[in-house]
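Peer 1: Sharing a structure with you now.
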Amino acid sequence: MDTASSSPALSNALSFLLPTSEETLLLRVCLSARESARDAWTEWRNQRDRSGKAVLKNRSVKKLRPLLFNAVKSHSLEIDKEALTYLRTAYLKEELRDAAVRRICCEVLLMLEKERLAPIVLKGAALAETVYNNPVLRHCHDIDILLPDEELSRPAGFLPSLGFRVCSAPNSHSRHLKMVQGSGLPLEFHGRLLDVPYYQMPISEIRARCRSQVIASVNSHILNPADSLLHVCGHASYSGKRQSLRWVTDAWFIIDRHPDLEWNELLNSIQRSHLALPMSVMLGYLAGNLEAPIPSSFLTRLSAAASQSDAIERQLALRGTRSDGQRSLCELFRKTTNWRERLFVVQWLLFPSPGYLSWVDQIHPWLLPFHYLYRPLRYAAGRLQSSLKDAARAARFHIERLFLRDGC
């Protein structure tokens with residue numbers, strides 16, 4: 001059977017959400033059992049210079065340094081001494097950072113407890129201590145906490161005593177409070193689990209399913225495994241931060257550490273939050289490329305649900321592929337597999353559905369005709385501006401070469 005024809009529409013285009021083939025090899029090194037990890041490491045090194053410089057200069061390595069150092073030591077991987085020193089130094093720096101983040105997180109959670117708030121610790125701060133073998137292996141860029149809407153503004157009143165200042169306050173469009181500590185560590189409070197309003201689950205249900213867990217030495221609450229997996233992948237489907245690859249390792253460890261994960265509950269939540277299409281691509285990658293233990297029956301049902309995605313869901317999924325700014329629209333167009341998908345991409349670019357515009361750009365219905373006229377012009381102007389910049393860079397390059405050649 002043709003894989004492309006049996007997959008949901010736009011699945012191939014949505015592969016832009018996934019790691020590259022090189023990143024996949026390194027992820028296999030970090031996540032696989034000993035023999036598979038060693039094979040992946042050998043294959044990755046054979047594709048590059050076998051010296052340590054291949055490690056030191058590689059962008060993908062920088063995203064996975066603590067996990068890669070752990071794999072090198074655990075599986076006795078062959079590596080240059082200079083590269084090993086580089087990875088060890090990165091690991092030690094992460095140990096120091098982890099201790100500092102845990103101390104600050106402890107202070108914040110104790111203060112929230114004192115103020116009788118009801119926080120749920122999200123993402124890195126929660127996952128580092130619950131699914132990773134060692135918290136140091138999960139870099140925590142910030143601390144994320146879910147709060148009820150009515151409590152979202154309260155931390156701004158008492159957390160300055162811990163050295164935090166407000167960067168952005170919640171409003172009618174953004175249920176989000178961002179604060180930064182004097183050390184530079186961001187602290188973010190969220191009123192909803194995902195930033196895209198269309199991708200939502202009732203917070204009351206999420207709270208009812210959350211679990212008690214000690215985080216940073218404080219009795220806290222975290223999402224249950226199914227909600228946590230949905231949160232990690234759902235957020236990565238539209239966030240440019242997925243380039244860090246943390247969503248891949250987070251999701252893989254959640255699945256690996258919870259063989260009792262409620263797959264029926266997860267599928268129901270995915271369908272209700274309108275995320276079936278991107279989730280089918282992302283979870284399919286985890287199972288197929290990284291051997292995450294996901295039941296094949298679940299993937300089959302998820303793929304069937306993704307095939308029923310409506311126009312808004314497909315357009316939002318396409319928008320997610322562009323969030324990291326790494327792929328051009330031409331590349332996206334080339335990833336489509338048939339004329340129906342190509343026509344849908346063109347329609348999304350020039351004349352997206354009114355429902356999509358109301359969710360993304362919050363366009364009032366009476367402004368839609370003007371927006372549809374303006375959108376193609378804006379796109380054409382953007383392409384012209386990009387072409388002019390490219391032409392200017394090329395001209396400057398040739399002028400500099402002429403000066404150098406003439407000895408000026």
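The values are calculated or read from the model by the stated rules, or taken from the named source; none is laboratory data. This structure is a prediction, so every number in the text was calculated from the model and none was measured. Cβ placement follows ideal geometry from the backbone for every residue including glycine, while neighbour counts extend to all protein chains displayed.
Peer 1: Restricting to segment 1-42, give me the number of residues that are farther than 23 Å from Lys241 by Cβ, modelled with pLDDT of 80 or more and either small (Gly, Ala, Ser) or within 26 Å of the chain's Cα centre (by Cα) (or both). Full working, then the answer.
Peer 2: So in segment 1-42, the residues farther than 23 Å from Lys241 by Cβ come out as 1-9, 12, 32-42.
Checking which are modelled with pLDDT of 80 or more leaves us with 7-9, 12, 32-42.
Those still in the list that are either small (Gly, Ala, Ser) or within 26 Å of the chain's Cα centre (by Cα) (or both) too: 7-9, 12, 32-33, 36-37, 40-41.
Matching residues across segment 1-42 total 10.
Peer 1: Six or more apart or on different chains, Cβ atoms under 7 Å: show the pairs whose first residue is in segment 68-96 and of a type in the set (D, E, K, R) and whose second is modelled with pLDDT under 95 and outside any helix (DSSP H, G or I).
Peer 2: As it stands, the answer is Asp80/Ser51; Asp80/Gly52; Glu82/Gly52; Glu94/His139, since those pairs meet every condition given.
Peer 1: Is it the case that some residue within segment 256-275 is farther than 20 Å from Ser303 by Cβ, at pLDDT 95 or above and part of a helix (DSSP H, G or I)?
Peer 2: Yes, because at least one residue in segment 256-275 is farther than 20 Å from Ser303 by Cβ, at pLDDT 95 or above and part of a helix (DSSP H, G or I).
Peer 1: Next question, about the same structure. Across segment 76-97, what is the total count of residues that are under 20 Å from Pro19 (Cβ atoms) and not in a loop (DSSP other than H, G, I, E, B)?
Peer 2: Here is the first cut: in segment 76-97, the residues under 20 Å from Pro19 (Cβ atoms) are 77, 87, 90.
When the remaining residues are screened for being not in a loop (DSSP other than H, G, I, E, B), the result is 87, 90.
Within segment 76-97, residues that are under 20 Å from Pro19 (Cβ atoms) and not in a loop (DSSP other than H, G, I, E, B) number 2.
Peer 1: Residues being in contact (Cβ under 8 Å) with a residue 60 or more places away in the chain and either exposed (fewer than 14 other Cβ atoms within 10 Å of the Cβ) or among the aliphatic types (A, V, I, L, M) (or both): count how many of those fall in segment 170-192.
Peer 2: The number of residues fulfilling the criteria is 4.
Peer 1: Do we have Lys114 as loosely packed, with under 15 Cβ neighbours inside 10 Å, over 20 Å from Gln181 (Cβ atoms) and of a type outside the set (Val, Ile, Thr) here? Steps first, please.
Peer 2: Details: loosely packed, with under 15 Cβ neighbours inside 10 Å: yes; over 20 Å from Gln181 (Cβ atoms): no; of a type outside the set (Val, Ile, Thr): yes.
Judged against the criteria, Lys114 is not a match.
Peer 1: From the residues in segment 98-136 that are in contact with a Phe, Trp or Tyr (Cβ under 9 Å, 6 or more places away or on another chain) and part of a loop (DSSP other than H, G, I, E, B), which one is nearest to Ala226 (Cα to Cα)?
Peer 2: Only one residue fits best here, namely Val131.
Peer 1: Those residues that are closer than 25 Å to Ile254 by Cα and in a helix (DSSP H, G or I), I need them from segment 137-151; list them, please.
Peer 2: Passing the criteria: only Leu137.
Peer 1: Mind counting the residues in segment 163-216 that are of a type in the set (Asp, Glu), in contact with an Asp or Glu (Cβ under 6 Å, 6 or more places away or on another chain) and in a loop (DSSP other than H, G, I, E, B)?
Peer 2: Count: 0.
Peer 1: Do we have Leu127 as modelled with pLDDT of 90 or more, out of contact with any strand residue (DSSP E or B) (no Cβ under 6 Å at 6 or more places or on another chain), over 27 Å from Ser244 (Cα atoms) and hydrophobic (A, V, I, L, M, F, W, C) here? Talk me through it step by step, then tell me what you get.
Peer 2: On the way: modelled with pLDDT of 90 or more: yes; out of contact with any strand residue (DSSP E or B) (no Cβ under 6 Å at 6 or more places or on another chain): yes; over 27 Å from Ser244 (Cα atoms): no; hydrophobic (A, V, I, L, M, F, W, C): yes.
The answer is no for Leu127.
Peer 1: Checking the structure you have, find out if any residue of segment 223-237 is modelled with pLDDT of 95 or more and touching a strand residue (DSSP E or B) at 6+ places or on another chain (Cβ under 6 Å).
Peer 2: Looking for residues that are modelled with pLDDT of 95 or more and touching a strand residue (DSSP E or B) at 6+ places or on another chain (Cβ under 6 Å), one finds at least one in segment 223-237, hence yes.
Peer 1: Next up: Among the residues of segment 302-317, is any closer than 24 Å to Leu245 by Cβ and without any contact (Cβ under 8 Å) to a residue 40 or more places away in the chain?
Peer 2: Scanning segment 302-317, I find at least one residue that is closer than 24 Å to Leu245 by Cβ and without any contact (Cβ under 8 Å) to a residue 40 or more places away in the chain, so the answer is yes.
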